[in-house]
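Okay, so here's the structure we're looking at.
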């Protein structure tokens, strides 16, 4: 299975940062409110599937990391519309009336909340194109009561990845839900990019999960590969699509990493809970080569037999003092840069906390050993 992941911890952090600013404003709006009073956050999830659930879990986790823990300073009101438009309207009205701020997960949920809110601020996530969905006035200046994050995947990269993985493919099928505006936007972009790359494109739309099996089976008879956008209805049936992919030997390119986890072959796009590093083969080659050269030079220096002149220089007190001072300064600079790089990697989500604290522990042990050794030698050396 081939899979390239950009992850979304940054999305969750960005969304929560905006949310926290709003929560602070809400909690301080009235001087009568005590500082310990909980704020109320509503969450409307369009339907149940891995991507949307991960988006919700990431949002809640980041809230807790920023001091808003459910049951203490935070009251969460989570509702799932189960993909039912009638449920969306009813739930939207309830959430808007009873909460300080509401999170909409997926485009239909955001659109529904936008129609009923006149004062309550709304955050959205798992929305592909907030402009075409009429959620914001512009990306730079959203305006109104809504703001949030987009999960737009780089479709051009997905087209390129398909060419690498299935070089013999001539015809590509696109499967999507006709009622989801986020899917329509991606289909338009994908069709244009695939045709520009020289592929024949067959587009097939569905209206509900009941049509997925027949539509997918029919499409797989006419194409060499299938592309599915970040479509909520399609995502909820990816296990079935994955089984049909194996049965018909037709690869499926998913719009998100969660689609790959549930049956797709590959993707170049977004995961919705955390950000993982994307390995670059060129940097791996360059880095490995550089490390190899350094190790060779170190080995030559360690195992080479010193000449008499080198031994005399090494034993010279002035040279010893210069060498020790140089090594000490180099050690300090290296240690400082290493700590800064570690913090940067953790902050950007490229390193887990376990790895960070493991490396930090090794550095701390080295520092303690240095101090103890220096004091011991100072005390016991005349």
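The values are calculated or read from the model by the stated rules, or taken from the named source; none is laboratory data. Only a predicted model underlies this, so the values are computations on that prediction, with no experimental measurement involved. Glycine gets a Cβ as well: all are built from the backbone with ideal geometry, and neighbour counts include every protein chain shown.
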**Message:** Of everything in region 180-227, what is buried (at least 16 other Cβ atoms within 10 Å of the Cβ), assigned to a loop (DSSP other than H, G, I, E, B) and modelled with pLDDT under 95? Give them in sequence order.
**Reply:** 180
**Request:** Kindly provide the set of residues from region 66-93 that are farther than 19 Å from residue 127 by Cβ and in contact (Cβ under 8 Å) with a residue 40 or more places away in the chain, ordered by number.
**Result:** 66, 68
**Request:** Inspect region 206-222 for any residue being more than 24 Å from residue 50 (Cβ to Cβ) and touching a helix residue (DSSP H, G or I) at 6+ places or on another chain (Cβ under 8 Å) and give the result as yes or no.
**Result:** yes
**Message:** Could you check region 162-179 and list, in sequence order, the residues that are modelled with pLDDT of 90 or more, outside any helix (DSSP H, G or I) and surrounded by fewer than 22 Cβ atoms within 10 Å (Cβ to Cβ)?
**Reply:** 166, 167, 168, 169, 170, 171, 178
**Fill in**
When residue 139 is run through (1) over 21 Å from residue 267 (Cβ atoms); (2) buried (at least 19 other Cβ atoms within 10 Å of the Cβ); (3) at pLDDT below 90, the failure sits at (2)
**Check on residue 132, at pLDDT below 90, in contact with a helix residue (DSSP H, G or I) (Cβ under 6 Å, 6 or more places away or on another chain), surrounded by fewer than 23 Cβ atoms within 10 Å (Cβ to Cβ) and outside the structural domain of residue 228 (by TED's automatic domain parsing)** = yes
**Message:** Conditions first: (1) surrounded by 20 or more Cβ atoms within 10 Å (Cβ to Cβ); (2) not assigned by TED's automatic domain parsing to the domain that holds residue 47. Residue 110 passes all but one, so which condition is the exception?
**Reply:** (2)
**Any chance residue 240 is within 28 Å of the chain's Cα centre (by Cα), over 17 Å from residue 52 (Cα atoms), surrounded by fewer than 19 Cβ atoms within 10 Å (Cβ to Cβ) and not assigned by TED's automatic domain parsing to the domain that holds residue 107** = yes
